[in-house]
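Working notes for the structure below.
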């Protein structure tokens, strides 16, 4: 994923969902992220990264458990959470940095 650094340096907040296909809790996140996107629209970009297909990024950001969400703005990590996170928590955190 060569353009990862470009993506996270944008002014628009970028929410990264680190996941794996075999991870049961990870399968709970797509409807939650869909809700976040439908509420916030263009105020946030959401990117899903499969840790099995992108081990170098997972290693760089020290992803030890999944799902892990990282929120970036202008290249800075603004928030990290692990486990299934509810939409209202994610929306609240994104709104706090917009």
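Nothing in this text is a laboratory measurement; each read-out follows from the coordinates by a stated rule. Owing to the predicted nature of the structure, the values given are computational and were not obtained by experimental measurement. Quick reminder, even Gly has a Cβ in these numbers, built from the backbone with ideal geometry, and neighbours come from all protein chains shown.
Expressed to the nearest 5 percent, the antiparallel share of DSSP beta bridges inside the chain is 65 percent. For the range 17-59, the Cα gyration tensor yields ellipsoid semi-axes of 22, 14, 5 Å (square root of five times each eigenvalue, largest first, whole Å).
Using the Cβ-Cβ distance between residue 80 and residue 52 with R0 = 25 Å, the FRET efficiency computed as 1/(1 + (r/R0)^6) comes to roughly 0.80. Full extension of the chain between residue 42 and residue 21 gives 4.9 nm of extra length, using 0.36 nm per residue less the Cα-Cα distance.
Take the convex hull of the alpha carbons in the chain; its mean projected area over all directions comes to 5.5 nm².
Distance between the C-alpha centers of the range 73-98 and the range 13-68? Whole Å please. Cα centroid of the range 73-98 versus Cα centroid of the range 13-68: 12 Å apart. Defining a contact as two alpha carbons under 8 Å apart and six or more residues distant in sequence, what relative contact order in percent does the range 1-90 show? Here the relative contact order equals 42 percent.
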